[in-house]
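Shown next, in structure tokens, is the structure this report addresses.
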Amino acid sequence: MQQQAHGGNLAWAAALAGCPPDAIVDFSASISPLGPPNSVIAAIVSQLGNLRHYPDPDYSELKLALGHFHQIASEWILPGNGSAELLTLLGRELAQLSATMLITPAFGDYYRTLAAYNAKVLEFPVDLKTDNRELEGYSPHLPISPSPHLPISPSPHLPISPPPNCGLLLNNPHNPTGKLFTRDSILPYLEEFALVVVDEAFMDFLPPDEEQSLIGLVQEHENLVILRSLTKFYSLPGLRLGYAIAHPHRLAKWQSWRDPWPVNTLAAAAAIAALQDTEFQEHTWKWLPPARNQLFQGIASIPGLQPLEGAANYLLVESQQSTSQLQSQLLQQYQILIRDCLSFKELGDRFFRVAVRSQSDNQRLLTALKSVLSAES
């Protein structure tokens, strides 16, 4: 069975480890270990009797809940079967432009959706080796906080300004580095690009006073699209639920392109309950920073490994050893799955990514890493 570009492939991991899938400790998918919330499970159970009915095709109640949560009118919101479905719709739209710039290393699904519609891609590498964080040939407005550098070459050289009628697709916090771009640093792009798409799949891991979301600016900029996911923060990847926030005319066009009822009844009920669970949200915001710091410090203490500081619920780690080999050893010896970075061509076989999990799981990973790497040295 071939390893997939995404994390969380427990069937593949179990086959390699020779154990049942539920025996795998999964650090490869950046999913919160705290959920799903009890409120969400209760909401799902309450809707089991409604499985005999079709979902509301307009998802009125869900959009109202999302609108209330983000303080925006519901017609500016389009729920989807995970943000991946909405990304596919975006690919069709971006392909109509002259080109799409990607901040790289980039999430592999961006390449998938752009390739599906034969969109032209211009790569826009983040150079973490310079203090001013400027790219050769083009000065971005995306400062990155100081951290251990990534050996990413800033080529191909980009023009001083983007080509006419060009799109920009980026994620914030950035995947896989976890870097958080400031809201103000992204604003100039709205004047330079025909369409700016900000994938905020991990933004909800930051408390409201720290997040740098552009949702509040969507109504002022018709060329701005925000993607959000509810599956990572609330531990619901199996339900597949995301949403886009954009101008109603754009969302109406997407609606005309896609299949009916993309969001199932249980997912819609789960989303509404999750948005209202302020206790779970507060608990997550308090849990993540110390848990992430504990994992960061533990990895940094292991010779041959260098984690990068980040704002999300995962860490990118540079390794002096082959990370694909390390991944296999951790699976076969400890039933632990880490995310290799082979799908990020700028990173290759010297980086891996790990989710922040419970204290006991994090310690289990640290113990396994020390054991495997000490045996290699």
| note | Of Pro164, Pro176, Pro159, the only residue that is in a loop (DSSP other than H, G, I, E, B), modelled with pLDDT under 50 and more than 17 Å from Val225 (Cα to Cα) is Pro159
| request: Filter region 186-211 down to residues that are open to solvent by less than 40 Å² (accessible area, probe 1.4 Å) and under 18 Å from the mean Cα position of the chain (by Cα), then give me how many there are. | output: 13
| request: Select from region 190-231 the residues that are without any contact (Cβ under 8 Å) to a residue 60 or more places away in the chain, outside any loop (DSSP other than H, G, I, E, B) and over 17 Å from Ile245 (Cβ atoms) and list them in ascending order. | output: Glu191, Glu192
| task | State the number of residues belonging to region 81-106 that are modelled with pLDDT of 95 or more, in contact with a Pro (Cβ under 7 Å, 6 or more places away or on another chain) and surrounded by 24 or more Cβ atoms within 10 Å (Cβ to Cβ). | result | 0
| The one condition in (1) open to solvent by 50 Å² or more (accessible area, probe 1.4 Å); (2) in a loop (DSSP other than H, G, I, E, B) that Arg364 fails to fulfil | (2)
| query | Which condition breaks for Tyr334 when tested against (1) under 29 Å from Ala43 (Cβ atoms); (2) open to solvent by 50 Å² or more (accessible area, probe 1.4 Å); (3) hydroxyl-bearing (Ser, Thr, Tyr)? | reply | (1)
| query | Could we say that Gln294 is touching a residue at least 40 places away in the same chain (Cβ under 8 Å), over 21 Å from the mean Cα position of the chain (by Cα) and within 24 Å of Ser360 (Cβ to Cβ) here? | reply | yes
| request: Residue by residue through region 236-266, note down the ones that are under 16 Å from Ser60 (Cα atoms), hydroxyl-bearing (Ser, Thr, Tyr) and surrounded by fewer than 21 Cβ atoms within 10 Å (Cβ to Cβ). | output: Thr265
| note | Note on region 346-361: residues surrounded by fewer than 21 Cβ atoms within 10 Å (Cβ to Cβ) and either touching a Ser or Thr at 6+ places or on another chain (Cβ under 8 Å) or of a type in the set (Phe, Trp, Tyr) (or both) are Glu346, Asp349, Arg350
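A quick yes/no check of all residues on (1) of a type outside the set (A, V, I, L, M); (2) free of Cβ contacts under 8 Å to residues at least 12 places away in the same chain; (3) in contact with a helix residue (DSSP H, G or I) (Cβ under 7 Å, 6 or more places away or on another chain):
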{"site": "Gly304", "(1), (2), (3)": "yes, no, yes"}
{"site": "Thr323", "(1), (2), (3)": "yes, no, yes"}
{"site": "Gln327", "(1), (2), (3)": "yes, no, no"}
{"site": "Phe344", "(1), (2), (3)": "yes, no, no"}
{"site": "Phe352", "(1), (2), (3)": "yes, no, yes"}
{"site": "Arg357", "(1), (2), (3)": "yes, no, no"}
{"site": "Gln363", "(1), (2), (3)": "yes, no, no"}
{"site": "Val372", "(1), (2), (3)": "no, no, yes"}
| said: Just the residues that are over 18 Å from the mean Cα position of the chain (by Cα) and in a strand (DSSP E or B), please, taken from region 17-39. | reply: Val25
| Looking at region 238-273, which of its residues are assigned to a loop (DSSP other than H, G, I, E, B), over 20 Å from Ser46 (Cα atoms) and touching a residue at least 60 places away in the same chain (Cβ under 8 Å)? | Ala246, His247, Arg258, Pro260, Pro262
| note | Per the filter on region 78-98, residues within 19 Å of Glu200 (Cβ to Cβ) and more than 19 Å from the chain's Cα centre (by Cα) are Glu93, Leu94
| What number of residues within region 51-101 satisfy the criterion of being among the charged types (D, E, K, R), in a helix (DSSP H, G or I), touching a helix residue (DSSP H, G or I) at 6+ places or on another chain (Cβ under 9 Å) and within 23 Å of Gly238 (Cα to Cα)? | 2
| Residue list for region 336-361, filter: assigned to a loop (DSSP other than H, G, I, E, B) and modelled with pLDDT under 95 | Cys341, Leu342, Ser343, Phe344, Lys345, Glu346, Leu347
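The values are calculated or read from the model by the stated rules, or taken from the named source; none is laboratory data. These numbers come from a predicted model, not from an experiment. Cβ sites come from the backbone with ideal geometry, for glycine too, and all protein chains shown count toward neighbours. What goes into the accessible areas is simple: the full protein's heavy atoms, side chains included, and nothing from ligands, DNA or RNA. Shrake-Rupley method; radii C 1.70, N 1.55, O 1.52, S 1.80 Å.
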